[in-house]
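The values are calculated or read from the model by the stated rules, or taken from the named source; none is laboratory data. None of these values were measured; they are calculated from a predicted model. We place every Cβ from the backbone using ideal geometry, glycine too, and count neighbours over all the protein chains shown. When the accessible area is computed, the model is the full protein with side chains, heavy atoms only, and any ligands, DNA or RNA have been set aside. Shrake-Rupley method; radii C 1.70, N 1.55, O 1.52, S 1.80 Å.
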Amino acid sequence: MFQVGETVVYGTTGVCTISSIGPLSMHGVDRHRLYYTLEPLHQEGAVYIPVEGEHHKAMRYPLTQEEAEQFVLRLSEIPACDIEGLNFKQRTDAFTNALQQTDCEELLGVIKAVAKKKRFRREKQQYNVDYNFYKKAMKLLCMELGYVLHKSEDSVRKLIEACLNQTAEAEKKTEPVEE
């Protein structure tokens, strides 16, 4: 069980602090059930998660500083989500699942998949939906890495974008030349 004062990563909310654990005094809520009250670090309000049940499975501790540093060193090695051949609905489901897993590699996989798709396809309407997943994954990843590495989200974003640009350049060099 998590403790009051601990920092956690929760689903698509991102980095939060547990401000309390206990029953809620809200209308329509089981007053005998315990809830984590999470305060997101980068937005107003609170999130209430039952201590028992499925919801708390989307909650985890942030990476350690060492894990985050190793992750950054492996940015170029982590593959994109495999969305080749998926239709719009399947791709949306895959991206939604990846975001809900709160796994940094999955988040980077979404970012890389959408960036790659942008380079090779021109599906404007569908790309806009994919780009929303890209932005959410980027926000969650930068939020956690920034928190752990004591850097701004913007500096982490620039680091990831530099990795994406290197990947794009490498792909350009390996593309066959049309005659």
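Counting heavy atoms of the protein chains only and a 1.4 Å probe, report the per residue accessible area for the chain as a whole number of Å².
Numbers: 10850 Å² over 179 residues.
It amounts to 61 Å² per residue over the chain.
Positive-end ranking of Gln100, Tyr147, Phe133 along the dipole of the chain, with charges on Cβ about the Cα centre, is headed by Phe133. Applied to the stretch 78-88, the Karplus parametrisation 6.51 cos²θ - 1.76 cosθ + 1.60 on θ = phi - 60° returns per-residue 3J(HN,Hα) values of 6, x, 6, 4, 7, 10, 4, x, 8, 6, 4 Hz, with x for Gly and Pro. Remark: the chain carries a charge dipole of roughly 560 debye about the Cα centre, counting +1 on each Lys and Arg Cβ and -1 on each Asp and Glu Cβ. Taking packing as the residue-averaged number of other Cβ atoms within 10 angstrom, the listed peptides 135-143, 76-84 run from highest to lowest as 135-143, 76-84. Taking trypsin sites (Lys or Arg not before Pro) across the stretch 52-103, the ones in a DSSP loop with at most 15 further Cβ atoms lying within 10 angstrom of their Cβ are Arg74.
A simple rule links phi to the HN-Hα coupling: the Karplus curve 6.51 cos²θ - 1.76 cosθ + 1.60 with θ = phi - 60°, which for the stretch 144-156 gives 5, 5, x, 4, 5, 8, 6, 10, 6, 4, 5, 5, 5 Hz, with x for Gly and Pro. Split the accessible area of the chain by element, probe 1.4 Å, and carbon with sulfur accounts for 50%.
Our analysis of the stretch 1-145 gives Rg over Rh at 1.04, with the two radii drawn from alpha carbon positions and Rh computed by the Kirkwood formula.
Report note on the peptides 20-30, 1-11: ranked by the mean count of other C-beta atoms within 10 Å, highest first, their order is 1-11, 20-30.
Each residue of the stretch 34-46 was assigned a 3J(HN,Hα) from its phi angle through the Karplus expression (A = 6.51, B = -1.76, C = 1.60, θ = phi - 60°), giving 8, 10, 7, 9, 9, 10, x, 6, 10, 7, 7, x, 9 Hz with x at Gly and Pro.
Below 8 Å between Cα atoms, with a sequence gap of 6+, how large is the relative contact order for the chain in percent?
19 percent
Taking Val129, Val15, Val114 in turn, the Gaussian network model of the chain (Cα-Cα springs below 10 Å) assigns the largest fluctuation to Val129.
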